[in-house]
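Enquirer: Please see the structure below; I have some questions.
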Amino acid sequence: MTKTFSGQLADIRLPIFNVPPQPEKPVRSPEETARLKERIRTLLREQDAVLVAHYYTDGDLQDLAEETGGCVADSLEMARFGTEHPASTLVVAGVRFMGETSKILNNEKRVLMPDLAATCSLDEGCPIELFSRFCDEHPDHTVVVYANTSAEVKARSHWVVTSGIALPIVQYLAERGEKILWGPDQHLGRYVQRMTGVEMLLWPGSCVVHEGFRAEALEEMMRRHPEAAVLVHPESPQAVVDLADVVGSTTALIHAVRDLPNPEFIVATEPGIFNKMQQVAPEKKLFVAPTAGEGATCESCARCAWMAMNSLEKVAEVLEKGTNEILVSPELAAKARVPIQRMLDFAGKMKEKAGAKKE
Ligand code: 13P
Ligand code: SF4
């Protein structure tokens, strides 16, 4: 492959993959939901298992994870939680890379996922052969990949980052004079570039959900809700990020709803997060930022079809049958663990420093 860049964006043709239709939400009465949750509670106890869920999953699932001593978190915290919890089985409700990351960090534990087809457009758009070739063409670059990638891509990288920690890590590497190759999310990459002033070579991947947010429609919505603060996940296009009052990881956006005085919020990220936002600030009003189809043929309305594949029914089924186990060979896990552990160690040091400053 020749070195063909348009600006900093790599001129690479990504593979074509299917985005599934939005799965139907299971229909059940509150009594049936309560019975199902009780069944899962028993199964978790019997199997020494803990439920770890992402903020974008179904609200019932998130609630159950918390009620049973598991966690609901962003992808960084999900990874960390699994390493600290003593359970021998982790049930990871999210998308595949989250289950893989848990398995990489806890190779001795059993990791189950409600649906193995739950993937992510960033992962799908960054196949290892193509990505590896790109890295080989730039051997003088430090490879920094977003957590939304396969175990193989992580193993090919020097650092793994999540949106919650990308900025300080890139800043740190740049201060050491390192040149950076970034993958796979171009929008997050561009945001990191702009915030740090560090130029990076960008893989041209994107999140099909966040890419759907539209700046013009958002401006119109902002006019209708002048008191609302605009919260944007940095996987969104730059024109949308430019309109934000707060740009940040899922956790940062939840904190913004809790801490800002605004009575209303327009949120440009997956609306599964509203479950936690309403929990921390029940009196505040939340609106999903408009997507490509607002008022017309909105097919997804910012919902991630892969995240929506997780359900209570499937959690019960995998616990009962022991199916959908995530397997990562010990050799691959050992390689992929290195860049993830770097991130976790970096996060730990940042926390220590913040603690020392407070004292
Ligand atoms: P977080 O790392 O903020 O949890 O985001 C993961 C993700 O998939 C965002 O679309
Ligand atoms: Fe991947 Fe986007 Fe879904 Fe997050 S919202 S899991 S980045 S497709």
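Enquirer: Looking at SER150, SER132 in this structure, which one is free of Cβ contacts under 8 Å to residues at least 60 places away in the same chain and in contact with a Cys (Cβ under 9 Å, 6 or more places away or on another chain)?
Expert: Only one candidate qualifies: SER150.
Enquirer: Still on this structure: Of all residues in region 159-205, count the ones that are more than 18 Å from ASP11 (Cβ to Cβ), small (Gly, Ala, Ser) and either part of a helix (DSSP H, G or I) or within 15 Å of ligand 2 (Cβ to nearest atom) (or both).
Expert: 4
Enquirer: Let me ask something else about it. In this structure, does ARG194 turn out to be out of contact with any Asp or Glu (no Cβ under 8 Å at 6 or more places or on another chain), basic (Lys, Arg) and away from ligand 1 (no atom under 16 Å from the Cβ)?
Expert: In short, yes.
Enquirer: On to the next question. Looking at region 16-33 only, could you name the residues that are assigned to a helix (DSSP H, G or I) and either surrounded by 12 or more Cβ atoms within 10 Å (Cβ to Cβ) or modelled with pLDDT under 95 (or both)? First the steps, then the outcome.
Expert: In the first step, residues of region 16-33 are kept if they are assigned to a helix (DSSP H, G or I); the result is 30-33.
GLU32, THR33 - these are the residues of region 16-33 that are assigned to a helix (DSSP H, G or I) and either surrounded by 12 or more Cβ atoms within 10 Å (Cβ to Cβ) or modelled with pLDDT under 95 (or both).
Enquirer: Are any of the residues in region 84-102 surrounded by fewer than 21 Cβ atoms within 10 Å (Cβ to Cβ), without any contact (Cβ under 8 Å) to a residue 12 or more places away in the chain and away from ligand 1 (no atom under 13 Å from the Cβ)?
Expert: Yes - at least one qualifying residue is present in region 84-102.
Enquirer: So, THR83, is that one under 26 Å from VAL143 (Cβ atoms) and out of contact with any strand residue (DSSP E or B) (no Cβ under 7 Å at 6 or more places or on another chain) or not? Step through it out loud before you land on a result.
Expert: Details: under 26 Å from VAL143 (Cβ atoms): yes; out of contact with any strand residue (DSSP E or B) (no Cβ under 7 Å at 6 or more places or on another chain): yes.
Against the criterion (under 26 Å from VAL143 (Cβ atoms) and out of contact with any strand residue (DSSP E or B) (no Cβ under 7 Å at 6 or more places or on another chain)), THR83 qualifies.
Enquirer: Please determine, by comparing only the residues of region 336-348 that are in contact with a Lys or Arg (Cβ under 8 Å, 6 or more places away or on another chain) and away from ligand 1 (no atom under 14 Å from the Cβ), which one is nearest to LEU43 (Cα to Cα).
Expert: ALA336
The values are calculated or read from the model by the stated rules, or taken from the named source; none is laboratory data. These numbers come from a predicted model, not from an experiment. We place every Cβ from the backbone using ideal geometry, glycine too, and count neighbours over all the protein chains shown.
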